[in-house]
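These notes are about the structure you will find just below.
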Amino acid sequence: MSSRDVAPGDDVHPGDPVVVDRYTTAARINHWITAASLVLLALSGLALFHPSLFWLTGLFGGGANTRMIHPWIGVVLFFGCCGLFLRFWRLNLWEHTDNVWLAKIRDVLSPSHEENLPEVGKYNAGQKLVFWSMSALIIVLITSGIVIWDQYFGPYFSIEQRRIAVLVHAGAAVIAICVWITHVYAAIWVRGTISAMTRGKVTGGWAWRHHRRWLKELVGGKPAR
Ligand code: HEM
């Protein structure tokens with residue numbers, strides 16, 4: 001919990017919002033590098049995907065540059081994701097309450113029914129599904145991407161292998177973009193969430209409403225990660 005706002009003995013004024021630490025600066029930098037690289041990858045990848053989207057190559061200095069730069073942005077995304085994975089995998093481990101949360105998905109979607117839901121830790125089941133599916137998709141994307149990265153790996157793979165890899169790569173990219181849209185939509189839809197990744201803090205009310213078990217653990221002395 002943010003000591004500035006709520007530590008015992010602090011000068012807290014009635015009416016001041018209680019603020020809770022959710023992410024360290026390092027975690028946020030890691031997250032935004034990953035997010036920026038996914039946006040650039042989607043744009044450069046779509047530019048190479050279909051002739052009707054070729055105009056997008058203008059953003060990267062033309063077709064040849066886009067082709068050269070796209071895999072390198074992929075490498076940045078991969079390492080960004082590795083960083084996020086190492087930071088958050090434990091907190092995304094599946095628990096029994098996640099099954100209960102999913103079974104009550106109707107209550108999740110109707111804000112007035114929130115009291116019917118189990119108390120949630122740092123992440124709910126929806127966030128965990130995004131985390132694990134994105135992690136798996138990034139592995140598929142980097143692996144298939146290496147197979148079709150002609151400039152460096154061309155001689156190591158047959159034409160047949162490269163054809164399959166192109167299909168797998170495009171399919172995984174489309175799914176990853178859908179998962180990413182879900183992630184961003186949820187972050188905007190649950191009001192007060194964006195500040196977690198911009199300022200590293202959320203309000204106590206947000207934490208109590210959406211991640212009550214996490215808030216209780218935090219009050220018990222667990223640091224933000
Ligand atoms: C512009 C795009 C993005 C926005 C606006 C965004 C927004 C957010 C926000 C607000 C949170 C905090 C959620 C919370 O603490 O409850 C978050 C967490 C997170 N985001 Fe993003 N994000 C974006 C892109 C990405 C991308 C591209 C990835 C990975 C490929 C990613 C991976 C994560 C992870 C791993 C977390 C921690 C939550 C978890 O482990 O489930 N984000 N994001």
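Every number here is computed from the coordinates shown, using simple stated rules; none is lab data. Since this is a predicted model, take the numbers as computed values, not measurements. Here Cβ is always computed from backbone atoms with ideal geometry, including for glycine, and neighbour counts include all displayed protein chains.
Using a basic spin-label model with each label point 7 Å from the Cα along Cα→Cβ, how many nm lie between Ser110 and Ala186?
Distance between label points: 2.2 nm.
Taking the alpha-carbon centroid of each part, what is the distance from the range 10-80 to the range 142-186 in angstrom?
18
If you only keep lysine pairs separated by 8 or more in sequence, or across chains, how many in the chain come under 19 Å at the Cα atoms? All intermediate terms of the calculation are to be shown ahead of the outcome.
Values: Lys104/Lys122; Lys104/Lys128; Lys122/Lys201; Lys122/Lys216; Lys122/Lys222; Lys201/Lys216; Lys201/Lys222.
Taking the chain as the scope, the lysine pair count is 7.
Can you give the extra length, in nm with one decimal, that the chain gains between Val179 and Tyr152 once fully stretched, where that is 0.36 nm per residue apart less the Cα-Cα distance?
Contour length minus Cα-Cα distance gives 6.8 nm.
Residues in the range 130-158, backbone N under 17 Å from the label point at Leu91 (7 Å along the Cα-to-beta-carbon vector): list them, ranges by number please.
130-135
So how do 42-49, 21-28, 149-156, 58-65 stack up, highest first, on mean other-Cβ count within 10 Å?
Highest mean packing first, the order is 42-49, 21-28, 58-65, 149-156.
Using only Cα atoms, find the angle between the long axis of helix 159-189 and the longest principal axis of the chain, and express it within 0 to 90 degrees, rounded to the nearest 10.
Orientation of helix 159-189: about 30 degrees from the principal axis.
Find the relative contact order for the chain and round it to a whole percent, using C-alpha pairs within less than 8 Å whose residues are 6+ positions apart. Kindly include the intermediate steps, with their values, before the conclusion.
Details: 227 pairs, mean separation 64.0, N = 225.
Across the chain, relative contact order equals 28 percent.
How big is the dipole moment of the chain about its Cα centre under a simple scheme where the beta carbon of each Lys and Arg is +1, that of each Asp and Glu is -1, and everything else is neutral? Debye, nearest 20, please.
Working: 21 positive and 14 negative charges, 33 e Å.
Computed charge dipole of the chain: roughly 160 debye.
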